[in-house]
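Report on the following structure.
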There are 2 protein chains.
Amino acid sequence: MLSSFLEIIVVYVKREQSDENREALLATASRLFRERGIDGVGVAEIAREAGLTHGALYAHFRSKDDLATEAFSQGLALSREAFRGKAARRKHSVSGYLDYLLSPLRRDQPGVGCPMTASASEIGRHGKGISARFAKGFQDKASAFETVLDEAIPGDERRRLAMTIVAAEIGAMAVARAVAKSDPSLSDEILKAVKAVLLKASETA
Amino acid sequence: MLSSFLEIIVVYVKREQSDENREALLATASRLFRERGIDGVGVAEIAREAGLTHGALYAHFRSKDDLATEAFSQGLALSREAFRGKAARRKHSVSGYLDYLLSPLRRDQPGVGCPMTASASEIGRHGKGISARFAKGFQDKASAFETVLDEAIPGDERRRLAMTIVAAEIGAMAVARAVAKSDPSLSDEILKAVKAVLLKASETA
């Protein structure tokens, strides 16, 4: 009786530990992929940074592609939560959303920002799984913008506008990061210009 | 007399061969980096595909970063030429430029398209040299749009609009490629939506 009770506890503790290891691997992978690119970091390094062995990683994920897909998905969920929390505090508006998404602070911290923005041009080279997560993330973000665009704008146009704002925001942030090392003032200028133009487009639509 | 004449020929032939090798390395690297990402392909493979040895590559380029910078620069120059050639045949206009830049054909052939678009989110992780080439490429493309925007738009606004169009085009193409494997119709929809919105923004500015 006591021994089977202890067995249950051991199984429970092991499962808890296993869940924690999985979470640690996902969080580490998600940050490193955003900071250094999916092809820029190997599984051995991810396991090491998460304080685990290479073997432990493969107990949780079939392949690097599988890990990248799950890490991307987890990063998206956290990024969506952060966006909704912060954007909500700044009031829901196109301007409030863009202030948050196109800030220099966000540009300088790719490891904690949106994984779509961090890895935009890389995803097309990976599997169908990560492509599907990206598509979902893109649709979610576009829907968030649709809800804050002027209701007087016809539905079709509102959707086109929302998709354009998200694509432009992703592009602007990638470009701002790309030029930041050589021309920081151009980088700032791009963020401001894109914000101003998108805001105007959303008002004159 | 004859021997020194032959010596000159040998030097000349060797130099020609060396220039050709360099060109082959740049063309191969430029295509592979666009297709598979800068971190997705190694120097050994680039040398092999160019029909040369690893050592021959290092005779021309100090490091992978040096090769990536030069290849990026060469890809930009070819892409700019192609853009001007094709865009010119379709008449110089925002609409003509966007038709060319945001076509599904271009989405499906990253290896021959614009290296800024192919590698947007990767450049920020690399050196200052490639960042400077990106900044120049971005400014050149924005200037091309500035020249076709309505002259009635004030200069400041024209510049902001041109920068936004280029950032949005880069973002739209990255996103369209990212979702293409899982949702081809969303991918097409994004290209069309971004084109329509940018065109309208450039007309109502």
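Read the figures in this text as sums done on the coordinates, not as results from a lab. The shown structure was predicted, so the numbers you read here are calculated from the model rather than taken from an experiment. Here the Cβ is made from the backbone with ideal geometry for all residues, glycine too, and neighbour counts use every protein chain on show.
Ranking of A:L78, A:L25, B:L52 by neighbouring Cβ atoms within 10 Å, starting from the fewest: A:L78, B:L52, A:L25. Here the range B:76-196 is treated with +1 on each Lys and Arg Cβ and -1 on each Asp and Glu Cβ, and its dipole about the Cα centre works out to around 380 debye.
Sorted shortest first, the distances from the B:E23 label point to those of the same residue in the other copies are 5.9 nm; each point sits 7 Å from Cα along Cα-to-Cβ.
Pairs of Lys residues in chain A that lie 8 or more places apart, or on two chains, and have C-alpha atoms under 23 angstrom apart add up to 19.
The Kirkwood hydrodynamic radius of the protein assembly as shown, based on inverse pair distances between different Cα atoms, is 22.7 Å.
Peptide A:37-45 has a mean shielding of 3, counted as Cβ atoms of other protein chains within 10 Å of each residue's Cβ.
Connecting C-alpha atoms closer than 10 Å in a GNM of chain A, tell me which of A:S143, A:S79, A:S185 has the biggest fluctuation. Looking only at A:S143, A:S79, A:S185, the largest GNM fluctuation is found for A:S185.
Along the axis of the charge dipole computed for the protein assembly as shown (Cβ charges of +1 for Lys and Arg, -1 for Asp and Glu, origin at the Cα centre), the listed residues A:S182, B:A142, B:G113 are led at the positive end by B:A142. Note on the range A:10-154: with charges restricted to the Cβ of Lys and Arg (+1) and Asp and Glu (-1), its dipole about the Cα centre is near 80 debye. Taking only the alpha-carbon positions of chain A and ignoring solvent, what does the Debye formula give for the base-10 log of I(q)/I(0) at q = 0.10, 0.11, 0.12, 0.18 Å⁻¹? For the requested q values the scattering log ratios are -0.51, -0.59, -0.68, -1.22.
Between the C-alpha center of the range A:89-165 and that of the range B:24-64 there is a gap of 35 Å. Of all residues in chain A, the one whose Cβ lies closest to the rotation axis carrying A onto B, together with that distance in whole Å, is A:G171, 1. In the assembly of identical copies, A:P184 has its label point, taken 7 Å from Cα in the direction of the beta carbon, separated from the corresponding points by 4.7 nm (ascending, one decimal). Comparing A:A118, A:A172, A:A77 in a Gaussian network model of chain A (Cα springs below 10 Å), the most mobile by mean-square fluctuation is A:A77. Each Cα pair under 8 Å and six or more residues apart adds its sequence gap; the mean of these over the residue count of the range B:53-175 is a relative contact order of 29 percent.
Using a 7 Å projection from Cα along Cα-to-Cβ, the label point at B:P104 is separated from the same position in the remaining copies by 4.3 nm, smallest value first.
With a sphere of radius 12 Å drawn around the Cβ of A:A152, what net charge do the other residues whose Cβ falls strictly inside it have (Lys, Arg +1; Asp, Glu -1)? Result for the neighbourhood of A:A152: -3.
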